[in-house]
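So the structure is just underneath, and the comments pick up after that.
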Amino acid sequence: MPSAAEVAWLIPLLPLIGAVATGMGLISFNAEVNRLRKPVAITLLSCLGASAVLSYAVLAEQLSGGPTVEHLFIWASAGSFTLPMGYVIDPLGAIMLSLVTTIALLVMVYSHGYMAHDKGYVRFFTYLALFSSSMLGLIVSPNLLEIYVFWELVGMCSYLLVGFWYDREGAAHAAQKAFIVNRVGDFGLLLGILGLFWATNSFDFLGIANGLSAGISEGRVPEWAALTLCLLVFMGPMAKSAQFPLHVWLPDAMEGPTPISALIHAATMVAAGVFLVARLEPIYSQFPLVGLVIAIIGTITCFLGASIALTQMDLKKGLAYSTVSQLGYMMLAMGCGAPIAGMFHLVTHAFFKAMLFLGSGSVIHAMEEVVGHQPVLAQDMRLMGGLRKKMPITSTTFLIGCIAISGIPPLAGFWSKDEILGQAFNTYPFLWLIGFLTAGMTAFYMFRLYFLTFEGDFRGENTKLQAELLKLSGESIDDEHIHKPGVLHESSKPMTIPLAVLAVPSVIIGLMGTPWNSKFANLLDPKEALEMSQNFHWTEFLSLAGASVAISSSGICLAVFAYYLHRIDLQKIFVNRFPQINLFLQNKWYLDDINEKIFVRGSRKLAKEVLEVDAKVVDGVVNLTGLLTLGSGEGLKYFETGRAQFYALIVFGGVIALVALFGVLGPSPT
C-alpha cells in the first residue's frame, strides 16, 4: 500500500477536478447547475475534505519521522536542457497542506450559510475550490518555475473572488487594483527567476543556492547581480503578502464576500509570499543584506498596518490592516534569519485571523437585517454596539481572537509573536523596538474593534446616523432597508460551527512552539530545535515576554477606559491636539493618493500623449505616404498615352537631363 506522501499529488488534484466539472457545467447548462446548490456544495466539500484527510496523513507521516518525498518527470527537454516538474513533500509542505485544507474546508462550510441567498452560490463554491487547488499546488511545487505557474493561478482566483460581485463598482475596482499591483510584483519575480536560471542553470531551490555560491566564489556571477536577482524574486512575495509599498491592494480586497476575505487573509494568497520566502531561505541566507532589506520592509509594514488600523471604522478594513501588520511581523522574522518563527506565526495567525474574519462576516450578516444590504452601513462600527447579547457565539469567538492576536498568554499569538520579537531583539534591536511598540498598538485597536462592535448600546437603528454615513460615502439612501429594520440574531449553525472549531487551535496551538521544547521547530529543523532548547534561558525569556505582555496589556487597558468604561476621551486627548496626525492615519499615510497621482493619473497622461503621437505622427506618416502615392498616381496617369513616339520623347528627355546633371557636377577628381 503506498504511503500518503506517494499519493500526495491527489491533494491539489481533487478540488481541481471538482472545480473544473462544476465550471464546465455552469458554462454548458448554467440554469440547471445553478439549481443544484446542495449537490454541488456536497461534491466540492467532499473533494476538499478528501484532500484534507490526505494532508493530515502526510503530516502524520512527517511527524513520525518520514523522509522527504520528491517525484519528478521531464516536462520539456531540448538538447542538454531538461525541465522537471512534479511534487515534493517535506515537513514545511506538510504543515502548509494541513493548514490550507483545514481553513479552506471551514470557509466552505461557512459559505453555505453566508452565501445561501446569493444567486452566484454555485459559482462562488467553484471559485473557492479552484483557489484552494491553486494554493495546494503551489505548496507541493518542487521548483521556482512550477511555483510561478500556481502563483499566477492563485492571483487569477483572487481576482475572480475579490470581484465576485462584479456589478458593484467598488468590487470591480478592487479586483482590478489587486490584479495590477500583484502584476508589478510578479514581473519582478519572473525577472528574478529567469535571472537565477541564467546564473545557475537551475530552477531547483538547492540547485540555485549551490549554483549562486559556486558562481560567486568562482567569479562567474558578480555579487551585486546575485543580490539584485534575490531582491527581484522578493518582489513577488512583497505583492502577494502585502508588504510596503505593494500592500495597497489588500484592504480594498474587502469588497469581496467575507468568506473569501477570511481565506485570502488567513491561509492562501497572503500566506503564499511568506511560504515562498521560507522556501528561498537556502538562497537568502547567503546574503545578509537581503535579510536586512526584508527585515526593514517587514518592520515598516508591521508599523504601517497597525497605525492605520487605529482609525478605521469599517470592521473588515480594520481587520485587513491588522493582517498587513501581522504579515510584517512574519517578514521581520524571515529577515532576521528565523524562518521557523515566521512560519509558526503564519500558522497561529491563520487560525485566529480566519476566526476573526468569519466572525466579522457573522456580524455583517446580522447587521444587514437592520440596515439592508449596504456594505457602507453593515460594516461601519459606528452603527454597531451591544451585539454580545444577541450574538453570544460570535462575540465569544471574536474575543478569543482579539486576545490571541494581542499576544496574551497562553493563547496562540503570544508564543509566535514573542518568538519573532526575541529573534529581532538579538539581531536588529531597533527593529525589535518598533515591533515591540506595534504589539501595544495591536492590542489597542483589536479591543477597540471588539468594544465598538459588541459592547455598549446598539446604534444600528439610528436612521439619522445612517443617513449621515451614507452622505459621507456618497451613496444614495435606501429607504426600504433603513425604515423597515429586522431583528438582530445569532447566525446559523453553518456559520457558527466553523467559528467554534477555529477557536480551539486559536487557544492551544501556540503550545506547540514553546521555546524550551518547540515541537514545531523540531518538525521543521531538529538541529535548530535542539539549539533553541540548549540556548533557552528563563531570565531572558521572562524579561522579553514580560515586556511584550505588559505593553499589550497597556493597549488593552487603554481600549477599556476609552471604549468600554468611557473614562478617557481620545477625541480631546489626541484627535483635537494632533489633527494632522489623525488625518494622516485616516488617509492611510496618503499612499493611495500618491499612487493615484503618480501611477494612475500619470499612466493616463502618458497614454494620452502616446495616443497623440500615434494620431499625429504615426498616422500622419501613413496618411502622407498614401497621399503622395495617390497624387503621384494621378499625375502619372497622364503620361500613359499609348503612343510610342511620346514614350521615346520621354526617354530622350531623361537622357538629356542626366547628361546635363553630370555636366554640372563635373568630372570626378583623380
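The values are calculated or read from the model by the stated rules, or taken from the named source; none is laboratory data. Every value quoted in this text rests on a predicted model; they were computed, and no experiment measured them. Counting neighbours? That spans all protein chains shown, and the Cβs are built from the backbone with ideal geometry, glycine included. Ligands, DNA and RNA are stripped out before the accessible areas are found, and what is left, the full protein with its side chains, is counted by its heavy atoms. Shrake-Rupley method; radii C 1.70, N 1.55, O 1.52, S 1.80 Å.
Quick look at the values:
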quantity: Separation of alpha-carbon centers, the stretch 236-282 and the stretch 71-136, rounded to whole Å; calculated: 15 Å
quantity: Calculated FRET value between PHE536 and SER64, using beta carbons and R₀ = 25 Å, to 0.05; calculated: 0.45
quantity: Two-site FRET efficiency, ILE581 against LYS616, from Cβ-Cβ distance with R₀ of 56 Å, rounded to 0.05; calculated: 0.70
quantity: Given charges at Cβ of Lys, Arg, Asp, Glu: the chain dipole, positive-most of ILE656, GLY460, TRP432; calculated: GLY460
quantity: Debye intensity ratio I(q)/I(0), log10, the stretch 107-170, q values 0.13, 0.20, 0.26 Å⁻¹ (C-alpha model); calculated: -0.42, -0.80, -1.06
quantity: Exposure of CYS302 as accessible area (Å², to 10), given a probe of 1.4 Å and all protein chains; calculated: 0 Å²
quantity: Within the chain, helix-based [θ] at 222 nm, where runs of 4 or more DSSP H residues each add -39,500 (n - 2.57), nearest 500; calculated: -23500 deg cm²/dmol
quantity: Equivalent ellipsoid dimensions for the stretch 457-598 as semi-axes, Å, which come from the Cα gyration tensor, largest first; calculated: 43, 26, 19
quantity: Cleavage-rule hits, trypsin sites (Lys or Arg not before Pro), the stretch 89-185, DSSP coil, Cβ neighbours within 10 Å at most 14; calculated: LYS119, ARG168
quantity: Between the stretch 367-403 and the stretch 315-358, the Cα center-to-center distance that results, in Å; calculated: 23 Å
quantity: Overall Cα dimensions of the stretch 293-367, principal axis frame, Å, largest first; calculated: 44, 24, 11
quantity: Accessible surface ranking that places the most exposed of CYS557, CYS336 first, with a 1.4 angstrom probe; calculated: CYS557, CYS336
quantity: Sparse-neighbour loop sites [trypsin sites (Lys or Arg not before Pro); the stretch 544-612; at most 14 other C-beta within 10 Å; DSSP]; calculated: ARG567, ARG577
quantity: Sequence of MET235, MET24, MET330, MET512 when ordered by accessible area, the most exposed leading, probe 1.4 angstrom; calculated: MET24, MET512, MET235, MET330
quantity: Whichever aspartates and glutamates have a C-alpha closer than 16 Å to that of LYS471, once near sequence neighbours (fewer than 8 apart) are set aside; calculated: ASP314, ASP380, ASP479
quantity: Å² per residue, accessible surface of the chain at 1.4 Å; calculated: 45 Å²
quantity: Distance in nm between pseudo-label sites at ILE568 and HIS173 (7 Å out along the Cβ direction from Cα); calculated: 3.5 nm
quantity: Share of carbon and sulfur in the accessible heavy-atom surface of the stretch 91-180 [1.4 Å probe, %]; calculated: 66 percent
quantity: Stokes-Einstein D for the stretch 348-417, Kirkwood Rh over Cα pairs, 4 °C, 1.567 mPa s (µm²/s); calculated: 101 µm²/s
quantity: Within the accessible area of the stretch 485-537 (1.4 Å probe), percent carbon and sulfur; calculated: 65 percent
quantity: With at most 12 neighbouring Cβ atoms within 10 Å, loop chymotrypsin sites (Phe, Trp or Tyr not before Pro) (DSSP) excluded, longest segment of the chain; calculated: 167-515
quantity: Proximal aspartates and glutamates to LYS616, defined as alpha-carbon separation beneath 19 angstrom and excluding residues fewer than eight positions away on the same chain; calculated: none
quantity: Descending semi-axes in whole angstrom, ellipsoid equivalent of the stretch 178-263, from the Cα gyration tensor; calculated: 33, 12, 9
quantity: Restraint check, LYS389/LYS493; LYS119/LYS390; LYS177/LYS605; LYS177/LYS240; LYS119/LYS588; LYS316/LYS588, Cα-Cα greater than 24 Å; calculated: LYS119/LYS390; LYS119/LYS588
quantity: Percent of Cα-Cα distances greater than 20 Å, calculated over the stretch 559-641; calculated: 69 percent
quantity: Formal net charge of residues neighbouring ILE598 (Cβ-Cβ distance under 12 Å; K, R +1; D, E -1); calculated: +1
quantity: Residues LEU630 and VAL651, FRET efficiency given R0 of 25 Å [Cβ-Cβ distance, rounded to 0.05]; calculated: 0.45
quantity: Value in Å of the Kirkwood radius, where the chain supplies the Cα pairs that are averaged; calculated: 27.5 Å
quantity: Under 5 Å, built H, 5+ apart or other chain: amide partners of PHE244; calculated: THR301
quantity: Pairs of Cα atoms farther than 16 Å apart, the stretch 1-89, %; calculated: 65 percent
